[in-house]
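**Q** Sharing a structure, written as structure tokens. Questions coming.
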Amino acid sequence: MAETFFTHMDAGGGIGMVDVGAKPATRRRAVAEAFVRLAPATMDLLRRAALPKGDALVCAKIGGIMAAKRAAELLPLCHPLSLAFVDVTFDVLDAPPRVRVVAETRATGATGVEMEAIVAAQTAAAVIYDMCKAVQRDIVIERVRLLHKSGGKSGEFNAPEEPA
């Protein structure tokens, strides 16, 4: 049987943050996505920035960026990072009606920025939900995933294409 190696667990089963102090700093980049399914009437209000709470996409962009900067406060054992760049963009799609959220994070450091991108995408999707819930309760957030990561010892990762 192969020996199992857990990076966040010691021989006695205790958990702890990985020491990345000896790792070289490299340029890191990650891109994550999430989808928010909406009813056509809700999508119309979102497009026109006519929702009762205001412009959902502006709020979602700000919320996603704020969340990326606080990922280490939310995720146990996640290293706090000095992010060089965070952006959240949206594709408003008609068939089926949904919003594709794309979050990108960049930093130069000893550990990756994947969790920051995922938290940004998830939070931006949750903000869209919050902004739309007054007019629709059956909103679905789905397909949150890492699309790309680069930098570090493990190199580059690109997620396989999935059907739309």
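**Q** Residue farthest toward the positive end of the dipole of the chain, with Cβ of Lys/Arg at +1 and Asp/Glu at -1: which of Gly14, Ala107, Ala41?
**A** Ala41
**Q** Looking at the chain, identify the longest residue range that excludes and avoids all chymotrypsin sites (Phe, Trp or Tyr not before Pro) in DSSP loops having at most 16 other Cβ atoms within 10 Å.
**A** In short, 7-164.
**Q** Which helices count as membrane-span-like in the chain under these terms: full DSSP H, at least 24 Å along the axis by C-alpha, Kyte-Doolittle mean of 0.5 or more?
**A** Correct list, ordered by number: 114-132.
**Q** Could you list the residues of the range 127-147 with an amide nitrogen less than 19 Å from a label point located 7 Å from the Cα of Ala159 in the Cα-to-C-beta direction?
**A** Zone members listed by number: 127-129, 140-147.
**Q** Which entry in (1) 34, 16, 15; (2) 48, 20, 15; (3) 31, 17, 12 matches semi-axes √(5λ) of the Cα gyration tensor in Å derived from the coordinates of this structure?
**A** Calculated semi-axes √(5λ) of the Cα gyration tensor in Å: the matching label is (1).
**Q** Using 0.36 nm times the number of residues separating Met17 and Leu77, minus their current alpha carbon distance, what extension gain do you get?
**A** This chain segment gains 21.1 nm when fully extended.
**Q** Something else: List the lysines whose alpha-carbon lies under 26 Å from that of Lys153, not counting same-chain residues fewer than 8 positions away?
**A** Hits, sequence-local ones excluded: Lys23, Lys69.
**Q** Taking 8 Å as the Cα distance limit and 6 or more residues as the minimum spacing, I'd like the relative contact order of the range 26-153 as a percentage.
**A** Computed over the range 26-153, the figure is 46 percent.
**Q** Then there's this: Once you place label points 7 Å from the Cα toward the Cβ at Glu142 and Leu93, how far apart are they in nm?
**A** 1.0 nm
**Q** Between the range 86-105 and the range 119-164, what is the separation of their alpha carbon centroids in Å?
**A** 8 Å
All of the numbers you see were taken from the coordinates with simple rules; none came from a lab. Note that the structure is a prediction, hence the values are computed from the model and not measured. Quick reminder, even Gly has a Cβ in these numbers, built from the backbone with ideal geometry, and neighbours come from all protein chains shown.
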